[in-house]
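Below: one structure, written as structure tokens.
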Amino acid sequence: MIRATEGFTARLDGLRRQWLPMNSSMIVTAPLPQSFWDEVGWQGAELLGDMAHYYMYAQRTADDRIAFGGRGRPYLYGSRIDARGHTHEWTVEALWRLLTDFFPAARSSSVEHAWSGVLGVPRDWCSTVHVDPATGLGWAGGYTGHGVTTTNLAGRTLRDLILGEETELTALPWVGRKVRAWEPEPLRWLGVHAMYRLYRVADHRERTMPRTSALARFADLITGH
């Protein structure tokens, strides 16, 4: 039996502190006219990211919208999960402000859709894969937002582990790696929100700094990177 519940692992008995359910949200604009794309010079389907500490990511969709994502409210107290995918209005407004900061010409448009989901985040932010041959139980996850590619590797690694084969994949360092649990509440909630608050302030300061802010380095210590 394989546990592949990612951010929803926290809902399982005895695993509430195993992987933290981190919220990630996206908005998408109304279709934008060709004049907008000509003005900003975004002619292809390139994916964009700002590489900030409190980062964003964006893509131009096939029907000429901007799909724009970020963290919003990253974590709910007690590892709670909103299974409806509800996106808080605060998050929608924050993502819209950030989008229009990047693309002022988009201010004449509007947000047509918004959605949210949860990511599985281990305490050290590194994925893990394992199968216990004694019990037949295995797991994979903790992708921290990189699941599109990492799940493929995890699936192939699990296959080799289940078959009992020793391969290059089963020798990777994420196989059988043990991760300490997240702190109990309220430390968990305070730590996550303090971390993202520090990252936001650090991003603001670094607009006029030639180096990484000390606040960001302190936030890195909180994350356990």
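Since every read-out is calculated from the coordinates, none of them should be taken as a lab result. Here the structure is a predicted model, which means the values were calculated and not measured. All Cβ positions, glycine included, derive from the backbone under ideal geometry; neighbour counts span all protein chains shown.
Quick look at the numbers
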{"item": "Gained length - Thr149 relative to Asp38, 0.36 nm times residue gap less alpha-carbon distance", "result": "36.8 nm"}
{"item": "Distant-in-sequence amide H partners of Leu32 (H built 1.01 Å from N, under 5 Å)", "result": "Arg65"}
{"item": "HN-Hα J in Hz across the range 148-156 - Karplus 6.51, -1.76, 1.60, θ = phi - 60°, x for Gly and Pro", "result": "4, 9, 5, 5, 5, 5, 4, x, 5"}
{"item": "Residue order, fewest to most surrounding Cβ atoms within 10 angstrom, among Glu185, Glu89", "result": "Glu89, Glu185"}
{"item": "The range 27-162: relative contact order in percent, alpha carbon pairs under 8 Å with at least 6 residues between", "result": "21"}
{"item": "Ordering of 139-152, 34-47 by burial proxy (mean other Cβ atoms within 10 Å per residue, highest first)", "result": "139-152, 34-47"}
{"item": "Gain upon complete extension [Arg211, His193; 0.36 nm per residue less C-alpha separation]", "result": "4.1 nm"}
{"item": "Among Pro122, Gly145, Pro184 - extreme Cα towards positive end, dipole of the range 112-188, charges at beta-carbon", "result": "Pro184"}
{"item": "Relative packing of 96-106, 171-181, which averages over residues the other C-beta atoms within 10 Å, highest first", "result": "96-106, 171-181"}
{"item": "Dipole in debye (nearest 20) - the chain, about Cα centre, beta carbon charges: Lys, Arg +1; Asp, Glu -1", "result": "800"}
{"item": "Most to least packed among 188-195, 15-22 [average Cβ atoms within 10 Å]", "result": "15-22, 188-195"}
{"item": "Distance cut-off 29 Å, percentage of C-alpha pairs in the chain lying past it", "result": "38"}
{"item": "Cα-derived Rg to Rh of the range 120-225, Kirkwood definition", "result": "1.11"}
{"item": "Dimensionless Rg over Rh [the range 21-121; C-alpha; Kirkwood]", "result": "0.99"}
{"item": "Simple label model, 7 Å out from Cα along Cβ direction - Ser108 to Ile81, nm", "result": "4.3"}
{"item": "Cut-off under 5 Å, modelled amide H: who pairs with Gly141 long-range", "result": "Thr128"}
{"item": "Karplus 3J(HN,Hα) series, Hz, for the range 161-175 with 6.51 cos²θ - 1.76 cosθ + 1.60 (x for Gly, Pro)", "result": "5, 5, 7, x, 8, 9, 10, 4, 5, 6, 8, 5, x, 7, 6"}
{"item": "Cα-Cα separations in the range 151-199 greater than 14 Å, expressed as whole percent", "result": "64"}
{"item": "Full-extension gain in nm, Leu163 to His88, via 0.36 nm per residue minus C-alpha separation", "result": "22.6 nm"}
{"item": "Selected from Val131, Ser110, Gly49, residue furthest toward positive end of dipole (the chain; charges at beta carbon)", "result": "Val131"}
